[in-house]
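Here the structure comes first, spelled out in structure tokens, and everything after it is commentary.
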Amino acid sequence: MKVLTFVFGTSIGGTERAAQNFVVAYDHLGHDSRLLSLDTDGIRADELRELGITIYKFDNKDLDQIKLWSPDVVHIHSHLIEL
């Protein structure tokens, strides 16, 4: 299965840590696991790249690549937002 995890950033925050843990877990389970983030320069992105995980930046070029890849599942990580 192709799983795209979307998270705001790749810094050291807890939401980012949880997203990284899920991306790695999906990969270990044998899925094609990739990450989409607005910020791809953080330490968590570096760690994922070292594991061979594809990291997409939220820009037109990478969004076009995601469309071609066509993920089966999009897993969204976000900070709590009150409405």
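Remark: the chain carries 63 Å² of accessible area per residue (probe radius 1.4 Å; ligands, DNA and RNA excluded).
With contacts defined as alpha carbon pairs under 8 Å and 6 or more residues apart, what's the relative contact order of the chain in percent?
The value is 41 percent.
Summarising the overall dimensions of the chain from its C-alpha atoms, the Rg and Dmax are 12.0, 38 angstrom.
Take the solvent-accessible surface of the protein heavy atoms, probe 1.4 Å, and return the percent of it on the chain that carbon and sulfur atoms account for. Mind showing how you got there, number by number?
Values: 2940 of 5220 Å².
About 56 percent, which is the carbon plus sulfur part of the accessible surface.
Treating cross-link reach as a plain straight distance, find the aspartates and glutamates whose alpha-carbon is under 12 Å from the alpha-carbon of LYS57, omitting any fewer than eight places away in the same chain. List returned: ASP39, ASP41. Per DSSP helix of 4 or more residues, -39500 (n - 2.57); summed, then divided by the residues of the chain. What does that give at 222 nm, rounded to the nearest 500? The helix contribution divided over the chain gives -12000 deg cm²/dmol. Here the chain is assigned +1 on the Cβ of each Lys and Arg and -1 on the Cβ of each Asp and Glu. Its dipole about the Cα centre then comes out at about 140 debye.
The values are calculated or read from the model by the stated rules, or taken from the named source; none is laboratory data. Because the structure is predicted, anything quoted here is derived from the model rather than measured. Using ideal geometry, Cβ is built from the backbone for each residue, glycine included, and neighbour counts are taken over all protein chains shown. Heads up: the accessible areas ignore ligands, DNA and RNA and are worked out on the full protein's heavy atoms, side chains in. Shrake-Rupley method; radii C 1.70, N 1.55, O 1.52, S 1.80 Å.
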